[in-house]
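The values are calculated or read from the model by the stated rules, or taken from the named source; none is laboratory data. Note that the structure is a prediction, hence the values are computed from the model and not measured. Positions of Cβ are backbone-derived with ideal geometry, glycine not excepted, and every protein chain shown enters the neighbour counts. Heavy atoms of the whole protein, side chains included, go into the accessibility calculation; ligands, DNA and RNA do not. Shrake-Rupley method; radii C 1.70, N 1.55, O 1.52, S 1.80 Å.
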Amino acid sequence: GFSTRPLHGEKAQLGTVMAEPVWHAQEVSAAHAQQETEEAHLVLLCDPPESASLPGEETAWAALLDLLQTSPQVVCHRLQAEAQRLEQRYEQYAMQALERIQEVLRSKPQQRVLIQIVSVDSETEEAGYAALWSGLAGLLRTAQLEQPKLRGQMIELGQLSTGQEGLQRLQDNRRCLQETDIRYRAGAREVAHWQVCPEPTSPETLPWKDGGVYVVTGGAGGLGQRVAQDIAAKTKHPILILAGRSPESAAAEPLAQLRAQGAEAIYAQLDVTDGLAVHALMEQIQQKYGALNGVIHSAGVIEDQYLLKKSVAEGKRVLAPKVAGTVHLDEATRGMKLDLFLLFSSIAGVLGNAGQADYAMANAFMDRYAVYRQERVKQGIGHGRTLSLNWPLWAEGGMQVDLATRQRMEQQLGMTPLRTTTGIALLYQALAGTSARIMA
């Protein structure tokens, strides 16, 4: 639901917008049902895990797969994951989907191509698990930016009683190309939209505590460093553990600045993609300080390359800190009474970004994981407010771009880099709400 247009003859007013995703029930209208479909149709079907299928569901899924593979109007590929751990399964799905879309691009399509990435829920699968695969929407958004003949839809089919039911849902959505995020709940079709967040009604309250213990990944630079400085400025004697892959010498300046602000600042050399190392660090923190109050996960890498030239190795390196890193940090802190589990995502996960298909998928996974984690906390599994924030470009810190890219962003999207003071204010506004996903 996000669109842009140039302002002609108007003085642009700089301001900020914060939006959250919402699902609305939306059946396929009679007008849509009459539309002819002229595009080629590719379906990428995410395998449900073998352990999650009930006999009836398994039959329906197998029947859907058979219908798709024998249909002359559809090209269907199974996305198969051998791994059981969700971050590994997501990586395998992501890389297989990447390769399939590369095949489409290399074919230089002359007509429009609709690509539907589809997941199927199971009653026995953990609640919300299949929704994590919808992070692959970041790939579809980017592919469409790089090749305008492509159209993408991310569809959660829900539980199926028959294969024909699933096929009918896919055909229905083929007539609604402007709707890109679709799910079925108890048989009802729902479509995702963005709505502006309501203004906070209560006065701003700091999410940090005096003497609180906080882990900040990517904290030696970028946005993590800016937030650590703000914690140190607004609380008394916080304990800030900056974690990153670089040697401690690279963090000397930020550590000195935090200590000058009165914080106990420590550096932990850590690769968040190493689950054992993440668990070991959290155990050390628990033993030394007796508690951990919050996790701010801002680590990430980019290896920009257009889809046609993007390698699987590059994709895995970009996915790892945001996908495996997020899961490892959550698992390692699940027994701790956190106040906050904060994920720094990117607007690329929502809108896509040419040259950043892998980065878009990585951030989109974080966004879905925040919703998944929030639901688990409600069930008593884990602690603390969960929030994934889709940040735009910051003027200081974070991923940076050259001047030409900044100018193009302003001309084409009306977006200017976010000032640090504004970004911090938006962070507090977002934390004052209840949504697990917010785009700034």
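Cα gyration tensor of the range 71-213, axes a ≥ b ≥ c as square roots of the eigenvalues: rounded (a/c below 1.5), prolate (a/b > b/c) or oblate? Prolate shape, in that a/c is at least 1.5 and a/b is the bigger ratio.
Any idea what the dipole of the range 181-282 comes to, in debye rounded to 20, about its Cα centre with Lys/Arg Cβ at +1 and Asp/Glu Cβ at -1?
The calculated dipole for the range 181-282 is roughly 200 debye.
Under 16 Å of direct C-alpha separation, and excluding same-chain neighbours fewer than eight residues apart, Lys236 reaches these lysines: Lys209. With a cut-off of 15 Å between beta carbons, the residues surrounding Gln284 carry a summed charge of -2, where Lys and Arg count +1 and Asp and Glu -1. If you take the charge dipole of the chain about its Cα centre, with +1 on Lys and Arg Cβ and -1 on Asp and Glu Cβ, which of Pro417, Thr180, Gln429 is farthest toward its positive end? Working it through, the farthest residue towards the positive pole turns out to be Pro417. The region of the chain that goes longest without hitting one of the GluC sites (Glu not before Pro) in a DSSP loop, each with at most 16 other Cβ atoms within 10 Å, is 205-302. With K and R counted +1 and D and E -1, the other residues having a Cβ less than 14 Å from that of Thr333 yield a net charge of +1.
Taking a straight Cα-Cα cut-off under 18 Å and skipping sequence neighbours fewer than 8 places away in the same chain, the aspartates and glutamates within cross-link reach of Lys108 are Glu38, Glu39, Glu99, Glu146. Given a 1.4 Å probe and the protein chains as shown, Asp274 ends up with an accessible area of around 70 Å². Relative to the longest principal axis of the Cα atoms of the chain, the long axis of helix 275-289 makes an angle of roughly 30 degrees. Taken over the range 261-349, the convex hull of the Cα atoms encloses 130 Å³ per residue. Distances between placed amide hydrogens fall under 5 Å for Ser435 paired with no residue 5 or more residues away or on another chain.
Once the Cα atoms are used to define both axes, helix 86-106 deviates from the longest principal axis of the chain by about 50 degrees.
What value, in deg cm²/dmol to 500, does the helix sum -39500 (n - 2.57) over DSSP H runs of n ≥ 4 give at 222 nm once divided by the residues of the chain?
Calculated mean residue ellipticity at 222 nm is -12500 deg cm²/dmol.
Computed with every protein chain present, the accessible area of Lys236 is close to 140 Å² [probe 1.4 Å]. The DSSP beta bridges internal to the chain are antiparallel in roughly 20% of cases. In this rough spin-label picture, where each label sits 7 Å from Cα along the Cβ direction, the Val312-Lys209 distance is 4.6 nm. Summing Lys and Arg as +1 and Asp and Glu as -1 over all other residues whose Cβ lies under 11 Å from the Cβ of Asn293 gives a net charge of 0.
Within the same chain, lysines fewer than 8 places from Lys378 are excluded, and of the rest, those with a Cα less than 17 Å from its Cα are Lys337. Against the set [x] 44; [y] 51; [z] 60, the structure's computed percent of Cα pairs over 30 Å apart falls on [x]. Ligands, DNA and RNA excluded, the heavy atoms of Arg317 present near 120 Å² of accessible surface to a 1.4 Å solvent probe. Note that the range 167-245 shows a convex hull volume over its alpha carbon atoms of 222 Å³ per residue. With the contact rule set at Cα under 8 Å and sequence spacing of 6 or more, what percent relative contact order holds for the chain? Across the chain, relative contact order equals 18 percent.
For the range 94-175, the alpha carbon convex hull comes to 101 Å³ per residue, rounded to a whole number. Each label point was placed 7 Å from the Cα along the Cα-to-Cβ direction; for Ala256 and Glu38 their separation is 6.5 nm.
Comparing mean-square fluctuations of Gln356, Gln96, Gln164 from a GNM of the chain with C-alpha springs under 10 Å, the top value falls on Gln164.
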